Amino acid sequence: MSDERNPRNNGWLARMAQAWTLALAVGMLAGSAAADQPSASGQWRQVDDRTGEVRSIITIAERNGSYHGMVSQIFPRPGEDPNPICSACTGKLRDTPVRGFPLLSGMKRDGLDYSGGTIIDPESGSVYRAKMTLNPDGKTLVVRGFIGIPLLGRSQTWSRLR
């Protein structure tokens, strides 16, 4: 008997077709859900914890599967250097202007969470491990720098500029 007329083979083919259809539908739904989630890419207001004043604008972009952020604009207080540099930084970042400074690097996305990267404090030159959590509405981003474990760190909430 040919394969087309063998009911056993037809049942196997039908089950395989159903399995592939189900896998394709699940994959499309998962891809659609991920595509519907907002991204950390964009411009963010970084606010001073003590004064509530906007101190800088951070631009975050995705490059080669990881997210990086740079200081795109600064708002110095009266009497502060309008063009500060990271004099406390070491290596190739020493004396780098804060405007254009590579603040965040190597952040990997997992839904609304980002981790595995670092953040640098341009005032102290200190490098910290970092994690970020984007609010589902895409309007706020909690950025946490820490040493060792996230419990030992500090968080800031940035608001989306655009």
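For each of 48, 36, count neighbouring Cβ atoms within 10 Å of the residue's Cβ, then give the residues from fewest to most.
36, 48
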**Fill in**
Among 161, 128, 143, the residue whose Cα sits farthest towards the positive end of the charge dipole of segment 111-162 (+1 at Cβ of Lys and Arg, -1 at Cβ of Asp and Glu, taken about the Cα centre) is 161
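Throughout, read-outs are computed from the coordinates displayed, never taken from laboratory work. Since this is a predicted model, take the numbers as computed values, not measurements. Neighbour counts are summed over all protein chains in view; Cβ atoms, including those assigned to glycine, are modelled from backbone coordinates with ideal geometry.
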